[in-house]
Structure formats: structure tokens, C-alpha cells
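Everything below concerns the one structure shown next.
The values are calculated or read from the model by the stated rules, or taken from the named source; none is laboratory data. Source: prediction; values computed, not measured. A quick note on method: Cβ atoms are made from the backbone with ideal geometry, for glycine too, and the neighbour counts reach across all protein chains shown.
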Amino acid sequence: MHPTIARMKDVVAKGDESLILDLLAEDVRFLPPTYYSTWTGREPVAAVLGHVGKVFSDFHYRRIMGADRDWALEFQCKVGDLDAVGVDLITLDDNGLIQVFEVAMRPHKTVGALREAMMARVMTDPRFLAYKDALS
């Protein structure tokens, strides 16, 4: 297993963006399951993933598949009292850092609960106004 993927297993569920930050390429792209939009850049993506780590509970990876630069990490978690299953689709850059991080998740009801919980968190985090302005 690639060292970045092994480390990711340990840090994603903790919701500590400072640990996640070191795994991300400077121009990383994050495609969330909650809406059709892309976050770009190490700091905004680390902040989003930090919040996600606090919204998810009972998070663990069930299976990890991949080699070289392309990885699929199947996870299971809860959002509130709702169960979810998802897959983190990861592409690493030439330096072994996460270049693309795309998440697919089900069921729909849990994805909706995740969106609501994330919006509540983001609306109270002033950094996201600056990130959104930078993305425009």
C-alpha cells in the first residue's frame, strides 16, 4: 500500500485538518458527494475534510483497492443516526500527494443529512467566505 494511503487511513476520520493538510498536493481537487462542485487548493480542501471528519461518526475503511497512483477506499460511517457507505476515489501526483479526491456515497437520505450538517458548519466558519470568493 502506498504510504500516503496508509497515512490517510489514520487521519481522515480524526477530522484534524492539520494532519490531512500534509497529504494534499498544493492544487488538490476535492469533489464532494453532496453537490456538483469542486474545491481546489490545499487549505480549502483540508478545511472541508476537517469538518467532514467531525460530522461523520463510527468512520472506518472497509476495503482498500488500488495501486500506483489510483486508489479506491470503501468506507462505512454514520451521519447522525443514519448509516452510510461510500468510496473515496484518490489519484496521487508524482510526489505521492493526493491530487484528486472524489467521494461517492449512499444512501441519498444520508447524503442529504451530510449536506445539511456541512452547511451548518461551513456557515459558522469565516474561512469559507474567503475560499468561496477565491473560487469565483
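For the reader, a short list of remarks on this structure follows.
- Restricting attention to the range 84-96, the residues that are farther than 16 Å from L21 by Cα and outside any loop (DSSP other than H, G, I, E, B) add up to 6.
- Boolean, A84 is surrounded by 16 or more Cβ atoms within 10 Å (Cβ to Cβ), under 14 Å from the mean Cα position of the chain (by Cα) and not acidic (D, E): no
- Checked against (1) closer than 26 Å to P126 by Cβ; (2) in contact (Cβ under 8 Å) with a residue 60 or more places away in the chain, V11 passes all but a single condition, namely (2).
- Exactly one residue among L97, L92, L49 is closer than 16 Å to R7 by Cα and touching an Asp or Glu at 6+ places or on another chain (Cβ under 7 Å), and that residue is L49.
- Among residues of the range 1-39, those that are under 12 Å from the mean Cα position of the chain (by Cα) and either within 19 Å of M119 (Cβ to Cβ) or surrounded by fewer than 18 Cβ atoms within 10 Å (Cβ to Cβ) (or both), counted: 14
- Of Q76, Q99, all but one fail to be part of a strand (DSSP E or B), touching a Ser or Thr at 6+ places or on another chain (Cβ under 7 Å) and more than 26 Å from T124 (Cβ to Cβ); the exception is Q99.
- A6 fulfils the conditions (1) out of contact with any helix residue (DSSP H, G or I) (no Cβ under 9 Å at 6 or more places or on another chain); (2) touching a residue at least 24 places away in the same chain (Cβ under 8 Å); (3) over 16 Å from V103 (Cβ atoms) except for a single criterion, (2).
- Residues (over 20 Å from A120 (Cα atoms) and part of a loop (DSSP other than H, G, I, E, B)) located in the range 23-72: L23, G41, D68, R69
- Residue that is farthest from V87 (Cα to Cα) [pool: residues in the range 8-22 that are modelled with pLDDT under 85 and part of a loop (DSSP other than H, G, I, E, B)]: D16
Residue-wise test of (1) modelled with pLDDT of 95 or more; (2) more than 13 Å from P32 (Cβ to Cβ); (3) among the polar types (S, T, N, Q).
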| residue | (1), (2), (3) |
| --- | --- |
| M65 | yes, yes, no |
| G80 | no, yes, no |
| T91 | yes, yes, yes |
| K132 | no, yes, no |
